[in-house]
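S.K.: Take a look at this one; I'll ask things after.
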Amino acid sequence: AQSVSQHNHHVILSEAASLELGCNYSYGGTVNLFWYVQYPGQHLQLLLKYFSGDPLVKGIKGFEAEFIKSKFSFNLRKPSVQWSDTAEYFCAVLPLMRFGAGTRLTVKP
Amino acid sequence: DTAVSQTPKYLVTQMGNDKSIKCEQNLGHDTMYWYKQDSKKFLKIMFSYNNKELIINETVPNRFSPKSPDKAHLNLHINSLELGDSAVYFCASSQGTYNTGELFFGEGSRLTVL
């Protein structure tokens, strides 16, 4: 079945720690990949996206993600998190029109 | 100017009532969506319209009826509200055909059914 999986449900880090959030999907065709962030009480905002080309994409606020086609993965990374990165992170895959279940990131000051 | 705006932001109502949520986008996008986010933050697509035409209709009770009077508006009407309908409903839009472009989300409408 076509699906999007985010393996980490809740991640707790201290400030300055490195972050990697996993996202895997099951779909054999061409995909467009997205990471969205939802700060507490707010709507979803785009962090970064991959359509084609360089599989390493850079987004806002120092986030980046790498598309590994052979692994059907699109993991999100940030070398040094800040308290303000505390939020819910969602991976999305088109054309599946599906979001992952989300990963709650808590950054301790 | 808010790109995707929804009203109302909060809605508290009794079981059995009928309610509507309105959505408007000023981005000139062709496609609009309704998503439901439950208490566990899980996001599920409900409907998608492309140029006023229904494209996606996921498994949603027929108490939910979307209406798109024009491509800038997509409203959601819910009949006979149930406790399980309590959620945050997000409207979104994207350019071009559905299922390919970046989604722009509204701020959400939190529905509480008592």
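The values are calculated or read from the model by the stated rules, or taken from the named source; none is laboratory data. Just so you know, these numbers come straight off a predicted model, no measurement behind them. Don't worry about glycine lacking a Cβ; one is built from the backbone with ideal geometry, like all the others, and counts go over all protein chains shown. Accessible surface areas use protein heavy atoms only, side chains included; no ligands, DNA or RNA. Shrake-Rupley method; radii C 1.70, N 1.55, O 1.52, S 1.80 Å.
S.K.: Of the beta bridges DSSP finds with both residues in the stretch B:13-58, what % are antiparallel, to the nearest 5?
M.R.: If I count the DSSP bridges inside the stretch B:13-58, around 100 percent turn out antiparallel.
S.K.: May I have the convex hull volume per residue, in Å³, for the Cα set of the protein assembly as shown? Can you show the working numbers first?
M.R.: Working: hull volume 28.3 nm³, N = 223.
Output value, Cα hull per residue: 127 Å³.
S.K.: Need one value for A:84-96: mean number of C-beta atoms belonging to other chains within 10 Å of its residues' C-beta atoms.
M.R.: If you average over the peptide's residues, the count of other-chain Cβ atoms is 2.
S.K.: For chain B, the longest stretch holding no trypsin sites (Lys or Arg not before Pro) located in a DSSP loop with at most 14 other Cβ atoms within 10 Å is which? Write down the numbers at each step before the final one.
M.R.: Working: sites that count: B:9, B:40, B:63.
Result for the longest clean stretch: B:64-114.
S.K.: Taking chain A, how many lysine pairs are there with alpha carbons less than 23 Å apart, if each pair must be eight or more places apart or span two chains?
M.R.: Summing the qualifying lysine pairs gives 12.
S.K.: Report the relative contact order of chain A, percent, no decimals, based on alpha-carbon pairs under 8 angstrom and at least 6 residues apart.
M.R.: 38 percent
S.K.: Could you tell me what percent of the accessible area of the stretch B:1-100 is made up of carbon and sulfur, with a 1.4 Å probe and every protein chain present?
M.R.: In the stretch B:1-100, the share of accessible area belonging to carbon and sulfur is 49 percent.
S.K.: Regarding chain A, what is the average projected area of its C-alpha convex hull, in nm²?
M.R.: Answer in nm², one decimal: 6.4.
S.K.: Tell me the accessible surface of residue A:60 in square angstrom (1.4 angstrom probe, heavy atoms of protein chains only), to the nearest ten.
M.R.: Ignoring ligands and nucleic acids, residue A:60 comes out at about 80 Å².
S.K.: Could you tell me what a quarter of the Cα convex hull surface of chain B works out to, in nm² with one decimal place?
M.R.: On the way: hull surface 25.8 nm².
Projected area, direction-averaged: 6.5 nm².
S.K.: Exposed loop chymotrypsin sites (Phe, Trp or Tyr not before Pro) only (DSSP loop, at most 16 other Cβ atoms within 10 Å): please give the longest stretch of chain A free of them, not including the sites.
M.R.: After excluding every exposed loop site, the longest remaining stretch is A:52-109.
S.K.: Sticking with this one: Loop by DSSP (not H, G, I, E, B), at most 15 other beta-carbon atoms within 10 Å: where is the longest site-free stretch of chain B for GluC sites (Glu not before Pro)?
M.R.: Longest gap between qualifying sites, sites excluded: B:1-57.
S.K.: Report the local net charge at residue A:78: Lys and Arg +1, Asp and Glu -1, summed over other residues whose C-beta lies under 13 Å from its C-beta.
M.R.: -2
S.K.: Pairs of Cα atoms under 8 Å, at least six residues apart: use those to get the relative contact order of chain B, whole percent.
M.R.: 37 percent
S.K.: Let me ask you something else. Which residues of the stretch B:43-61 end up with at least 50 Å² less accessible area in the presence of all protein chains than when their chain stands alone, using a 1.4 Å probe?
M.R.: With the partner chains in place, the stretch B:43-61 has these residues losing at least 50 Å²: B:43.
S.K.: For the residue pair residue B:42 and residue A:27, what label-to-label distance in nm results when each label sits 7 Å from Cα along the Cα-to-beta-carbon direction?
M.R.: Computed distance between label sites residue B:42 and residue A:27 equals 1.9 nm.
S.K.: Going out from 0 in 5 Å bins, what whole percent of all Cα-Cα distances in the stretch B:33-85 drops into each bin?
M.R.: All Cα pairs considered, the percentages come to 5, 18, 29, 25, 15, 7, 1.
S.K.: Take chain A, connect every pair of alpha-carbon atoms lying under 10 Å apart with a spring to form a Gaussian network, then pick out the residue of A:94, A:47, A:33 with the largest mean-square fluctuation.
M.R.: Judging by the Gaussian network model, the answer is A:94.
S.K.: Label-point separation (nm) for residue A:68 and residue A:11, each offset 7 Å from Cα along Cα-to-Cβ?
M.R.: 1.4 nm
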